[in-house]
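> Would you mind keeping the following structure in view while I ask a few things?
Bear in mind that the values in this text are calculations on the coordinates, not laboratory data. Note that this is a predicted model, so its numbers are computed, not measured. Here the Cβ positions follow ideal geometry from the backbone for every residue, glycine too, while neighbour counts run over all protein chains shown.
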Amino acid sequence: MIQFNDVDKEYPSELGENNVFPALSQVSFQLEEGQSLGMIGSNGAGKSTCIRLMMGFMKHSAGSVAVFGSSPHSSQHRNIGYLPEVTAFPQNLKCIELLRFAAKTCAMPKKEVEASIEYWLTRLGLWDVRFRLLRNFSKGMQQRASFAMALVHDPKLLILDEPMSGLDPVGRMEIVALIQELREKGKSILFCSHVLDDVEKLVDQVLILHQGKVCFQGSVSELCQSQADWLVVGQDLQQHRFSSREELSVYMQENADNIKLVKHHEDFESAFLRTVKESVAI
Amino acid sequence: MKQAIQCISAVAQLTFLDGLRKQTLLGLIVLALLLECSGIFFMDFFGHDIGRASSDFLLSVIWLAGLVFLFFHAVQTIALSEERKSIYMILSRPISRSQYVLGTFIGLASLLLILQASLGVVAWFSLLWIKTQLDVQYFAVFNHGYFVLSLFGLMLMQCCVLAIIMLFCGMLRGSFLVLMMSIAYYFICSSIPVVLEAVKQQISSVQEGDNFYYLLQGLALIFPDFSRLDFKDAILEMNPSLVAVDTVSAFVLSALYLVIVLTCACYLYSRRDL
């Protein structure tokens, strides 16, 4: 569905400066059909730049970007649902007009348009406010409206940039449930978020970016297993940690029959932070 | 093709509704109506040629309202949509950059048309009323056809300026820069015919075949002479001296200029990074 091969992207320098800013450097990854990929990284890592390249909003400096097997083009957006990081609409539209615009541009049959709009507005809790102007929506409501716009035309690929932004805890739960449902329906999902708990729950594969470079691509379990510790668990089922090998050796001699070793996996956040730290060290 | 037209009309509708509800139009119409009404009340201050003065004043109000709409609402709509990233919302649909440019142009031109038409109707009624209040010697003739032609000319001029605004938005980043360039463009267009005439009269060494003369002629192609679409004088003349061929050619050339500028704007938008 999405293929990045050794992609570089440089932003031109500001007036008076000589250097270009390398936003992405040799970035390679792919998203297969039916897969969900979580793209995580610190601020300025290059996540939004990757998304803009996929959507055709900008052109890459080197390498190749392919979406649905060809270069990004506006005609592909018929099968893409995009939720931008910053929800920005013409503020004087009504919610229902926004969705009708979205449906009209995707050449949806007229019979399906109203049914789809009603379904998604109801599902996202906006049916009662469909005739309200978007400038009177709260941040969370605008985020939901943006989500509805991304889903109204039943796309195959979803690109969600910070989908939980601005939502209250109940709203977040609902969106997480919705994304899980979309995964089960076989949609391909590219998901950017700073909330690692959500990424861990919702994706098959994780891509970690830092300063425009790929630090890791693989499953969450691979990331967490890659640096696992061994823990000694005693008869009292307490985990013991030792400050030196000598202390460990003495304990094991004294309790040889009553201990077992357990492989301890890092939690996702720790694994992410360690991966980023290692990439900086390199 | 059908899908392309559908996308263009969707963007045009979006732009139109957003502008209509921004109440910019309403504010401009109210302001222009107040100015037009003031023209009616103060016509007695004109010593002579009241008909011509009133007609010039009313059409100038329409022209000014259109310029205010273009420089403030149109520039904001196009340039700020990029600054605020709302352009991503539109281009995340299967809409090409060219369709976006054309749709936005049509939406804004529709708003301009409503502005011109509503002010034009009020101006027409005002002139009719003024005519009834005056003796024939002060206001003998009122050519309704040429009045409508003047409004068309104004509309086409302003559509050309709108196309230039779209071109500048494709070239530049920042609404303020676009605004300054658009205003500068308008002033240059207004000034070049005057400069050209002055140069011809005052500098005897400038003749056809001279490089400086060609330079001015070349500039006149880039910065068109809007006065060719100004038919104000014909409204009140008994036998207007307009030549049909010149009038038609002025409209055709302006339409051609509009198409060329919009094509360049579409090309620039399709090439730039957002």
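> Classify chain B as rounded, prolate or oblate, taking a ≥ b ≥ c as the square roots of the eigenvalues of its Cα gyration tensor: rounded when a/c is under 1.5, otherwise prolate if a/b is larger than b/c and oblate if not.
Working: a/c = 2.14, a/b = 1.32, b/c = 1.63.
Oblate, since a/c reaches 1.5 and b/c is not below a/b.
> Here is a follow-up. In 10 Å bins starting at zero, report the fraction of Cα pairs in chain A per bin as a rounded %.
The percentages, shortest bin first, are 6, 24, 28, 20, 12, 7, 3, 1.
> Could I ask something else about it? So, with +1 on the Cβ of K and R and -1 on the Cβ of D and E, and no other charges, what is the size of the charge dipole of the protein assembly as shown about its Cα centre, to the nearest 20 debye?
Using only the charged Cβ atoms, the result is roughly 1100 debye.
> Roughly how tilted is helix A:268-281, in degrees to the nearest 10 and between 0 and 90, from the longest Cα axis of chain A?
90 degrees
> Kindly express, to the nearest 10 degrees and within the range 0 to 90, the angle between helix A:245-254's C-alpha long axis and the longest C-alpha principal axis of chain A.
Result, in degrees: 70.
> A further question follows. Under a 5 Å amide H to amide H cut-off, with H placed in plane at 1.01 Å, what residues pair with A:LEU190 once short-range neighbours are removed?
Under 5 Å from the amide H of A:LEU190: A:LEU37, A:LEU158, A:ILE159, A:LEU160.
> Let me ask another. For every helix of n ≥ 4 consecutive DSSP H residues, a contribution of -39,500 (n - 2.57) applies; sum these over chain B, divide by its total residues, and give [θ] at 222 nm rounded to the nearest 500 deg cm²/dmol.
Working: 10 runs with 205 residues, N = 274.
About -26000 deg cm²/dmol.
> Quick one: check the C-alpha center-to-center distance for segment B:257-273 versus segment A:65-108, whole angstrom.
Between the Cα centres of segment B:257-273 and segment A:65-108 lies a distance of 22 Å.
> A further question on this structure: Report the extension gain between B:GLN23 and B:VAL148 in nm, rounded to one decimal, defined as 0.36 nm multiplied by the number of residues separating them, less their alpha carbon distance.
The B:GLN23-B:VAL148 span can extend by a further 42.4 nm.
> Which one, B:CYS37, B:TRP63, B:SER175, is farthest towards the positive end of the dipole of chain B when Lys and Arg carry +1 and Asp and Glu -1 on their Cβ?
B:SER175
> List the lysines whose Cα lies under 27 Å from the Cα of A:LYS9, skipping any in the same chain that are fewer than 8 positions away.
A:LYS47, A:LYS59, A:LYS156, A:LYS213, A:LYS277, B:LYS85
> Based on DSSP loop calls and a cut-off of at most 14 other Cβ atoms within 10 Å, the longest stretch of chain A free of exposed chymotrypsin sites (Phe, Trp or Tyr not before Pro) is what?
In chain A, the maximal stretch lacking such sites is A:1-130.
> Expressed as a rounded percentage, what relative contact order does segment B:2-271 have, with Cα pairs under 8 Å and six or more residues apart?
Relative contact order of segment B:2-271: 27 percent.
> Now for a different question. Using the Cα centre as the reference, give the magnitude of the dipole from point charges on the C-beta atoms of chain B (Lys, Arg: +1; Asp, Glu: -1; all else neutral), rounded to the nearest 20 debye.
Dipole magnitude for chain B comes out near 1300 debye.
> Report, in cubic angstrom per residue, the convex hull volume of the C-alpha atoms of segment B:1-116.
Spread over its residues, the Cα hull of segment B:1-116 gives 102 Å³ apiece.
> Another question about this same structure. Under 19 Å from a point placed 7 Å out from the Cα of B:LEU80 along the Cα-to-Cβ direction: which residues of segment A:103-137 have their backbone N that close?
The answer is A:133-137.
> When the helices in chain A are scored as -39500 (n - 2.57) per DSSP H run of 4 or longer and the sum is shared across all residues, what 222 nm value do you end up with, to the nearest 500 deg cm²/dmol?
That calculation yields -10500 deg cm²/dmol at 222 nm.
> Relative to the longest principal Cα axis of chain A, at what angle does helix A:169-184 sit, 0 to 90 degrees, rounded to 10?
90 degrees
> Is any helix in chain B, taking whole DSSP H runs, at least 20 angstrom long along its axis by alpha carbon and on average at least -1.0 on the Kyte-Doolittle scale, and which ones?
The qualifying helices are B:2-21, B:24-41, B:50-68, B:97-133, B:144-171, B:175-202, B:244-271.
> Counting Lys and Arg as +1 and Asp and Glu as -1, each charge on the Cβ, what is the dipole of chain A about the Cα centre in debye, to the nearest 20?
Using Cβ point charges on Lys, Arg, Asp and Glu, chain A gives about 1420 debye.
> Fully extended, how many nm does the chain gain between A:HIS73 and A:TYR119 (0.36 nm per residue separation, minus their Cα-Cα distance)?
Gain on extension, A:HIS73 to A:TYR119, equals 13.7 nm.
> With a 10 Å cut-off between alpha carbons and a GNM built on chain A, which of A:CYS192, A:CYS95, A:CYS106 moves the most?
A:CYS106
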